[in-house]
Amino acid sequence: MAGNKSYTIVEYFGGEDGYRCGYCKNQTGNFSRGMWSHTMTVQDYQDLIDRGWRRSGKYVYKPIMQKTCCPQYTIRCHALKFQPSKSHKKILKKMNRFISKGELQKGQEDCAGEPMDSVCEEAGPQELSKVHLKCTALTDIQKDATEFPSTTEVQKEAADATPTGSQTSQNDPVSVPAGRTASTAPKPGNGADPSRPLCRKAKELRKERRLQKEQMRQNGDGVSSTVSPTQPTPSQNSQSKTLEDFISESLPENSAHCLEVRLVRSNPPSPQFKASFDASYQVYKLYQMAIHKDPPDKPTESQFKRFLCDSPLEAEYAPDGPEVGYGSFHQQYWLDGRIVAVGVIDILPTCVSSVYLYYHPDFNSLSLGSYSALREIAFTKQLQKQSPKLSYYYLGFYIHSCPKMRYKGQYRPSDLLCPETYVWVSIERCIPLLDNSRYARLNQDPDLGDARAVRDLGRALVLYRRTVMPYAAYSRKRKGSSDEMEVQQYASLVGQDCAERILLYRS
């Protein structure tokens with residue numbers, strides 16, 4: 001996927017001190033390890049989130065699960081098998097009613113409408129501005145990067161290194177109106193979509209859909225390619241509506257509102273991202289003040305950039321990847337020509353990862369958190385048609401000990417990541433364990449361990465004095481360096497495979 005010059009470069013921070021928890025408000029109960037990522041490949045980040053890591057801007061952190069007050073379990077939804085629940089359908093219908101008729105019930109809140117990671121994760125890890133100041137200047141790192149040897153040269157040097165332990169085995173902008181793939185969406189500003197059918201009565205449309213489905217069943221083609229073939233096809237029309245049916249529902253031409261979802265790349269920022277930056281920031285500021293009670297001076301433009309615009313993920317493209325490429329994006333929800341909500345997402349080799357969602361407080365009653373999650377699941381299914389491996393939707397962290405954050409478990413089928421073996425376990429099997437204890441080893445096989453546990457620290461890669469070298473060679477140069485415990489801790493958290501690819505900056 002990436003060329004020889006594409007590396008992940010990180011600076012590791014131990015994170016021994018407790019800090020304020022954004023969930024239970026314990027002032028010193030939250031514990032995590034963290035690292036500042038100057039640049040990161042999408043594959044490395046995919047592997048890291050599959051080991052319980054998560055990013056906030058360029059800061060990548062991993063909760064210390066057995067120590068932290070509110071253990072945070074990585075959760076993923078099987079997008080292809082997802083079927084909206086009754087409460088999800090209610091939210092989708094509410095949005096369609098609002099667009100077609102303008103109905104907006106003020107003051108109504110829906111707990112299922114909590115946004116993805118509604119507790120600002122910027123308050124979760126250590127204060128990022130302080131971490132940023134401790135890091136080496138990015139320009140210096142980039143200068144170092146120009147002198148990197150090729151991947152093959154690094155691998156050869158790693159293979160020749162004297163092992164310190166047992167030998168290891170080798171082993172741009174897209175406008176996406178409802179129901180359209182990114183590649184076929186009309187460009188904004190071109191007026192009405194000529195491919196969209198003229199307004200007809202809802203009864204007539206339902207009858208036509210029913211006939212079409214019956215005809216498809218008779219032809220042996222009854223299941224949409226984006227729905228798991230194991231899902232039964234319900235006989236009742238109201239029950240058989242898929243997520244895509246709700247999102248692409250034909251609305252009358254004289255609808256009260258027009259909603260459009262635009263995908264814009266945030267890193268590197270596309271022209272459309274830059275053009276809409278201020279409007280997007282203003283919505284974020286209102287959201288933080290109204291929903292999270294931030295004082296007006298806290299959600300600054302620099303804080304917004306650092307938290308939700310900066311990303312270590314560079315744009316990457318692959319022949320078997322999605323047309324929009326991999327990396328970091330904002331999905332902007334435009335209502336009648338203005339931004340009302342923004343979903344921050346990462347598109348990775350096997351998933352769409354939700355980072356954050358913020359919206360204009362005037363539309364609180366529309367359950368935009370849940371609505372955006374449903375749109376992002378539908379978007380994942382669209383991308384899977386272009387990239388077969390990309391079939392999961394990651395919702396961030398599931399916190400069973402915080403009732404307000406349990407709503408993520410409603411997007412099923414879903415799995416939680418075992419914090420000891422790093423294998424996925426269905427949420428149904430996890431809930432009884434988490435009801436008994438905040439922290440649990442989710443995989444119940446006592447013989448199973450971490451398949452990517454560190455076996456040979458000497459093969460971990462470091463960047464030292466503008467040179468990439470295995471840790472064993474670095475130790476010899478430093479004549480017995482004193483950082484072995486720190487590097488060992490870092491390597492155990494990222495795993496052997498990532499330790500052999502990621503460059504750990506050493507000053």
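Side notes on the structure shown:
- Some residue of region 71-88 being surrounded by fewer than 23 Cβ atoms within 10 Å (Cβ to Cβ), over 30 Å from GLN382 (Cβ atoms) and touching a strand residue (DSSP E or B) at 6+ places or on another chain (Cβ under 9 Å): yes
- Region 315-351, subset of a type in the set (Val, Ile, Thr) and assigned to a loop (DSSP other than H, G, I, E, B), residue nearest to TYR393 (Cα to Cα): THR350
- In region 341-356, the residues that are aliphatic (A, V, I, L, M) and in contact with an Asp or Glu (Cβ under 8 Å, 6 or more places away or on another chain): ILE345, VAL352, VAL355
- Scanning region 404-428 for residues that are closer than 26 Å to ALA378 by Cα and either touching a Lys or Arg at 6+ places or on another chain (Cβ under 6 Å) or surrounded by fewer than 15 Cβ atoms within 10 Å (Cβ to Cβ) (or both) yields LYS404, PRO413, ASP415, SER426, GLU428.
- Residues (of a type in the set (Asp, Glu), more than 23 Å from ILE75 (Cβ to Cβ) and surrounded by 15 or more Cβ atoms within 10 Å (Cβ to Cβ)) located in region 433-473: ASP456
- With respect to the conditions (1) assigned to a strand (DSSP E or B); (2) over 20 Å from the mean Cα position of the chain (by Cα); (3) under 30 Å from SER240 (Cβ atoms), GLU11 lacks only one, and its number is (3).
- Those residues of region 467-491 which are at pLDDT 95 or above, under 17 Å from GLU11 (Cβ atoms) and not in a helix (DSSP H, G or I), in sequence order: THR467, VAL468, MET469
The values are calculated or read from the model by the stated rules, or taken from the named source; none is laboratory data. In this text, all values refer to a predicted model and were calculated from it rather than measured experimentally. With ideal geometry, Cβ positions are generated from the backbone for all residues, glycine too; neighbour counts draw on all protein chains shown.
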